[in-house]
Amino acid sequence: MKPVSYNTSQVKKMNVELVKNALKAQGTVTKASIASLIGLSVATCGTILNDLVAIGEVIEVKPDEPSGGRPAMQYEYNADFGCVVCLLIKTEDGIHWVSYSIVNLIGETVEEASLELMHIGVDEVDSLVGELLSKHSNAQAIGIGVPGVAHCGVIGVCDVPDLAGQSLGPYLEEKYTIPVIIENDMNMTVYGFYHLQNFEEEKTFAVVTFPKKHFPGAGFIVNGQILSGNTKFGGEVSFLPFGISREEQLLQLHTDEGFVRLAIQTLTSIIALINPVSIAITGDLPREAQLEEIYEGCVKHIPEEHMPKLFVKNDTHQEYMKGMVTETLESLAYRLRIIEKR
């Protein structure tokens, strides 16, 4: 394995992230305590802190009155130095919803609301984004969750017809000169579930949703990382070879017998492929009373020692928003992806 090397700029950016993360986690700290915590020299931490104080991202906190000797200056992260704007686009029974949350840089909610709209297209999203950015001029990124496939900010197959095929991300980035992330709703929901579980180590986890009047979808976390695939098509489980047309699939999903049968086929495929520790079954169609039958149907194909925990959670708004907020905040951090060549 070849040793990994970094240039000076990369090292500095990584060190800045270490300092900021320590401040966010610890609250009010001194230079010496940060240096001890993250393993950098006091001088390096001091330089980084001075730069962050100069732009307002870190605040100097006046030391307590000395009981003897000169007290060390303390620092805390300025959570309101910036914020992110997160939008969730949903559709239910022909009615479209946009929920938004404005979150500061340590994840605290500043403002949130849900709007019911009879129509959602690029213009409606643009109008709402413009309104929110005018109120929150310190926004540093926009995150948008959509019920469909999104790749490089371009929306493909989507349950909201007027967003399908639209280059929403590039359009908003050019207009507002701010980074825009557009993600699949299931990827963000599974990411939210995963973070709310507070696993002590990296796990493999799945969410499958069965919405009313729409095709099912899924989201996967594999060893702590979102698995979305080459073109972000991963999780489109309605395209599994069920041996029936998509139209017939939609009809059968809305009958008790058909739903259980298709759910078993879907879950069995997921278990065999990624072997998750748990699967959350979500959406309007599943019921707690169906879990035992679904489980028994799965163990006809999957050895029981490999079966994940199955549970039903119909309302996943909290998880969806948690995932979108987490992903958007993480997009602000400097992350160097290391590819090791063997």
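Restricting attention to segment 82-93, which residues are open to solvent by 50 Å² or more (accessible area, probe 1.4 Å) and not in a strand (DSSP E or B)?
Answer for segment 82-93, where residues must be open to solvent by 50 Å² or more (accessible area, probe 1.4 Å) and not in a strand (DSSP E or B): just ASP93.
Run down PHE239, PHE233 and say which single residue is loosely packed, with under 15 Cβ neighbours inside 10 Å, touching a residue at least 60 places away in the same chain (Cβ under 8 Å) and within 18 Å of ASP185 (Cβ to Cβ). Reasoning before the result, please.
Details: PHE239 fails: touching a residue at least 60 places away in the same chain (Cβ under 8 Å).
PHE233 is the lone residue from the list that is loosely packed, with under 15 Cβ neighbours inside 10 Å, touching a residue at least 60 places away in the same chain (Cβ under 8 Å) and within 18 Å of ASP185 (Cβ to Cβ).
Test SER101 against the stated conditions and say whether it is surrounded by 17 or more Cβ atoms within 10 Å (Cβ to Cβ) and polar (S, T, N, Q).
Details: surrounded by 17 or more Cβ atoms within 10 Å (Cβ to Cβ): yes; polar (S, T, N, Q): yes.
Yes: the conditions hold for SER101.
Sort through GLY46, GLY107 and tell me the only one that's at positive phi and open to solvent by less than 50 Å² (accessible area, probe 1.4 Å).
Numbers: GLY46 fails: at positive phi.
Only one candidate qualifies: GLY107.
Mind checking which residues of segment 137-167 are surrounded by fewer than 17 Cβ atoms within 10 Å (Cβ to Cβ) and touching a Lys or Arg at 6+ places or on another chain (Cβ under 9 Å)?
HIS151, CYS152
Among the residues of segment 168-180, write down those that are open to solvent by 60 Å² or more (accessible area, probe 1.4 Å), touching a residue at least 12 places away in the same chain (Cβ under 8 Å) and not in a helix (DSSP H, G or I).
The one that is open to solvent by 60 Å² or more (accessible area, probe 1.4 Å), touching a residue at least 12 places away in the same chain (Cβ under 8 Å) and not in a helix (DSSP H, G or I): PRO179.
Given the options ALA263, ALA333, ALA289, ALA280, name the one that is among the small types (Gly, Ala, Ser) and closer than 19 Å to PHE193 by Cα.
Working: ALA263 fails: closer than 19 Å to PHE193 by Cα; ALA333 fails: closer than 19 Å to PHE193 by Cα; ALA289 fails: closer than 19 Å to PHE193 by Cα.
Checking each option against the conditions leaves just ALA280.
List pairs: first residue in segment 304-319 and in contact (Cβ under 8 Å) with a residue 24 or more places away in the chain, second residue of a type in the set (S, T, N, Q) and surrounded by fewer than 16 Cβ atoms within 10 Å (Cβ to Cβ) anywhere in the structure, Cβ distance under 7 angstrom, at least six positions apart or on different chains.
HIS306/ASN275
Does ASP284 fit the bill of being acidic (Asp, Glu) and touching a residue at least 60 places away in the same chain (Cβ under 8 Å)?
Working: acidic (Asp, Glu): yes; touching a residue at least 60 places away in the same chain (Cβ under 8 Å): yes.
The answer is yes for ASP284.
Check off (1) surrounded by 13 or more Cβ atoms within 10 Å (Cβ to Cβ); (2) on the phi > 0 side of the Ramachandran plot for PHE259 and give me the number that stays unchecked.
(2)
Among the residues of segment 201-221, write down those that are under 18 Å from GLN252 (Cβ atoms), hydrophobic (A, V, I, L, M, F, W, C) and open to solvent by 20 Å² or more (accessible area, probe 1.4 Å).
PHE215
Are there any pairs, at least 6 apart or on different chains, whose C-beta atoms fall under 6 Å, with the first in segment 113-132 and under 20 Å from GLY165 (Cβ atoms) and among the β-branched types (Val, Ile, Thr) and the second assigned to a strand (DSSP E or B) and open to solvent by less than 80 Å² (accessible area, probe 1.4 Å), and if so, which?
Final answer for the pair search is ILE120/HIS96.
Determine if segment 59-73 includes at least one residue that is modelled with pLDDT of 85 or more and under 21 Å from ILE178 (Cβ atoms). Before you say what the answer is, go through the steps one by one.
Start the filter on segment 59-73 by keeping residues that are modelled with pLDDT of 85 or more, which leaves 59-61, 73.
Still in the list and also under 21 Å from ILE178 (Cβ atoms): none.
No, the conditions are met nowhere in segment 59-73.
Would you confirm, using the coordinates I've provided, whether ILE270 is part of a helix (DSSP H, G or I) and surrounded by 14 or more Cβ atoms within 10 Å (Cβ to Cβ)?
Working: part of a helix (DSSP H, G or I): yes; surrounded by 14 or more Cβ atoms within 10 Å (Cβ to Cβ): yes.
Yes; evaluated as a whole, the condition is true for this residue.
The values are calculated or read from the model by the stated rules, or taken from the named source; none is laboratory data. Fair warning: this is a prediction, and the values are worked out from it, not measured in the lab. Heads up, the Cβs are rebuilt from the backbone with ideal geometry, glycines too, and the neighbour counts pull from every protein chain shown. Surface accessibility is based on the protein's heavy atoms, side chains included, excluding ligands, DNA and RNA. Shrake-Rupley method; radii C 1.70, N 1.55, O 1.52, S 1.80 Å.
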